[in-house]
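First the structure, in the form of structure tokens, and then the observations on it.
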Amino acid sequence: MKKMNLYFDVRDTEYFERLKKYILLNNGNLLGIAKAREELNGGYLVSDYLNKRNTRNIIIFGEGKDELSKYQKASAICNVFLDRYSEDSGEYIEAGKGGARIICVTSALGGAGKSTASKAICCRLAERGRKVLYVNLDSLSSGETVFGQAESNNCTRMRYFMRKHEGEMAARIKSLAARDERRRVDYISNGRPSMDGPIEEAEAEWFASAVTGSSIYEYVVLDIPSCLSEGHIKLMKEASLNIIIRRGETGRRQRNFSEYLESLAIKKVIEASNFSEDGEYAIPSSEGIFEAYPRKYWICIDLLCDLVEEA
């Protein structure tokens, strides 16, 4: 999808510099900032020159002279820009949904390898040039430090802000995320043991709105526990794809888990096995996938990544 360029010919440079930063942080995949008027290429001029004194605090947008109230929420101003782009291009863009796609990875049983798979998916997507964030929402998952440095419990800090609904959540998430430069993956870990309780629905809604309304990341991969809370269910309903990791052949508990997800109206679900063709575990541990690098396992991860990008 082609970006819509904006050129700012304005007097109130301090205000509009802040607005530009917000636009690039939250909608940079759809809205671009032109450095010169000649670079618009079909984009739109934004100006505050209604008159020389600029007494009405308005923004003139585009050749149609649409007027926006200055000092309203930056998200509302961005939505007007996106609405105009939708009208002129014929490509519908849902306001606030131009950002990351949520991918949830879970399993019916512990030890099935969902944490391993979710981390591997992140690394493979990053190798493809995608901007990826891994978030561990499972306080009982493996404590292995896969991403190259001691993992502090930033998930607890993130949930503190989620519960308070404080500040620009997308920027807050970015600030809390650690970075594995070698694998080019940002991650928010969950210390073990963690005192965090189940994710609440209001927290999940706030988180989903933040990441899907921002272009900081293209994919946010969530490591979801087997015991689902209302918040986990909300995130799975918001997800572009839900991946269920099976532990060997499909047993009664795994069938019950799949039926449970169906009863909750959770869609876009695929199941994947963590076993190799000969029935043995494909990998010994999360840490082992980066050292042993088993060929069969990574072929399966590549196929999952193809499904993720098609979702």
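The values are calculated or read from the model by the stated rules, or taken from the named source; none is laboratory data. This is a predicted model, so every value here is computed, not measured. Quick reminder, even Gly has a Cβ in these numbers, built from the backbone with ideal geometry, and neighbours come from all protein chains shown.
Of these, Thr116, Thr13, Thr106, Thr55, which one is farther than 30 Å from Phe207 by Cα and modelled with pLDDT of 80 or more? When all the criteria are applied, what remains is Thr13. Scanning region 142-185 for residues that are in a loop (DSSP other than H, G, I, E, B), among the charged types (D, E, K, R) and at pLDDT 80 or above yields a total of 4.
What tally of residues in region 221-240 results from selecting those that are surrounded by fewer than 22 Cβ atoms within 10 Å (Cβ to Cβ) and under 15 Å from the mean Cα position of the chain (by Cα)? The number of residues fulfilling the criteria is 4. Suppose we keep only residues that are closer than 30 Å to Ile173 by Cβ and of a type in the set (Gly, Ala, Ser) within region 1-50. Which one would you say is surrounded by the most Cβ atoms within 10 Å (Cβ to Cβ)? Only one residue tops the list, namely Gly43. Residues that are buried (at least 24 other Cβ atoms within 10 Å of the Cβ) and among the polar types (S, T, N, Q) within region 205-220 comprise just one, Ser214. The set of residues in region 265-290 being modelled with pLDDT of 75 or more and surrounded by fewer than 12 Cβ atoms within 10 Å (Cβ to Cβ) consists of Ala265 alone.
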